[in-house]
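Reading through the structure tokens given below for one structure.
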Amino acid sequence: MNRPARVQISSRKQPKQARSASLVAAILEAAIQVLQRDGAARFTTARVAEKAGVSVGSVYQYFPNKAAILFRLQADEWQQTTAMLVAILSDRAVPPLQRLRQLVLAFLRSECAEATMRTALADAAPLYRDAPEAQQIKASAEQTIQSYIEEVLPHARPQRRELVRDLVKTTLGAVGKEFSSTSRSEEEIVQFADAMADMLCALICQPEQWWGKAPPLP
């Protein structure tokens, strides 16, 4: 059975001059506006070009198709979130559980601020979510979370650390998505973040014997 051809989502070329960089920035800003206005289903390269005030050919110089544009928007969002995650969780001058609290609050604020954009990009995800480029960007965040869990649970079995890592990651993603689906005030975000952080900290702060070696299962 022949496999379907993989859609190209990498940019054709990177802008090297200020003028080219400005053009790409204008295309991406137009893409954001089109995506928020029309949604992923009606998102087209032609509409992006029209909104940006450039020819379709100018867009194709840098992006081979609409999937490449959408992936660039998603990649930029992922990279911003990953940079935030790495900066917070890697700062060992701050106590580990305080770092987790900082991350939860920052993450929920980010989710709420970009809710419309995230929803639209989620609808477009089937175009690029399984691409190697997407997996590569996500790997950095995965490694940072893994390192953090190893730091706070140094004596836990690998299976326990993996379970905690998956619970933290899944909770952040799923709860953040659901919470940000409704417009929230700063007070609501802070209160919810405190409660969510309490839950995650309780997960990590189990008695040492729980996370230590356990007798083999029969």
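Of all aspartates and glutamates in the structure, those lying under 19 Å Cα to Cα from K51, and not within fewer than 8 positions of it along the same chain, are E29, D38. Per residue, the average separation of C-alpha pairs within less than 8 Å and at least 6 apart gives region 86-213 a relative contact order of 41 percent.
Using Cα-Cα distances under 8 Å and only pairs 6 or more residues apart, what relative contact order does the chain have, in percent? Kindly include the intermediate steps, with their values, before the conclusion.
Numbers: 179 pairs, mean separation 50.0, N = 218.
This gives 23 percent for the chain.
The candidates E111, E186, E133, arranged from most to least accessible area with a 1.4 Å probe in the full protein assembly, appear as E186, E133, E111. Cα-based radius of gyration for region 23-140, normalised by 2.2 N^0.38 Å, reads 1.21.
Scattering from region 81-198 was approximated by placing one identical point on each alpha carbon and applying the Debye formula without solvent; log10 I(q)/I(0) at 0.11, 0.12, 0.13 1/Å stands at -0.40, -0.47, -0.56.
Place the peptides 158-170, 71-83, 96-108 in order of packing, highest mean first, counting for every residue the other Cβ atoms within 10 Å and averaging per peptide. Display every interim value, and only then the final one.
Numbers: 158-170: 14.5, 71-83: 17.4, 96-108: 19.2.
Order by mean packing, descending: 96-108, 71-83, 158-170.
Here's the list of aspartates and glutamates a cross-link from K169 could span, going by alpha-carbon distance under 13 Å and ignoring same-chain residues fewer than 8 apart: E142.
Projected onto their three principal axes, the Cα atoms of region 70-136 cover extents of 40, 25, 14 Å, largest first.
With every protein chain left in place, what is the accessible area per residue of the chain in square angstrom, probe 1.4 Å? Each step should come with its number before you reach the end.
Values: 12730 Å² over 218 residues.
Computed with neighbouring chains in place, this is 58 Å² per residue.
Computed with every protein chain present, the accessible area of M199 is close to 100 Å² [probe 1.4 Å].
Counting only protein heavy atoms, what percent of the accessible surface of the chain is carbon or sulfur at a 1.4 Å probe? Working shown, then result.
Details: 6810 of 12730 Å².
Carbon with sulfur: 53 percent of the solvent-accessible area.
How big is the Cα convex hull of the chain in projection, averaged over all directions, in nm²? Over every viewing direction, the Cα hull of the chain projects on average to 17.0 nm².
The values are calculated or read from the model by the stated rules, or taken from the named source; none is laboratory data. As the structure is a computational prediction, the values presented were derived from the model and not from experiment. Note that we place each Cβ from the backbone using ideal geometry, even for glycine, and neighbour counts take in every protein chain shown. Ligands, DNA and RNA are excluded from the accessible area calculation, which covers all protein heavy atoms including side chains. Shrake-Rupley method; radii C 1.70, N 1.55, O 1.52, S 1.80 Å.
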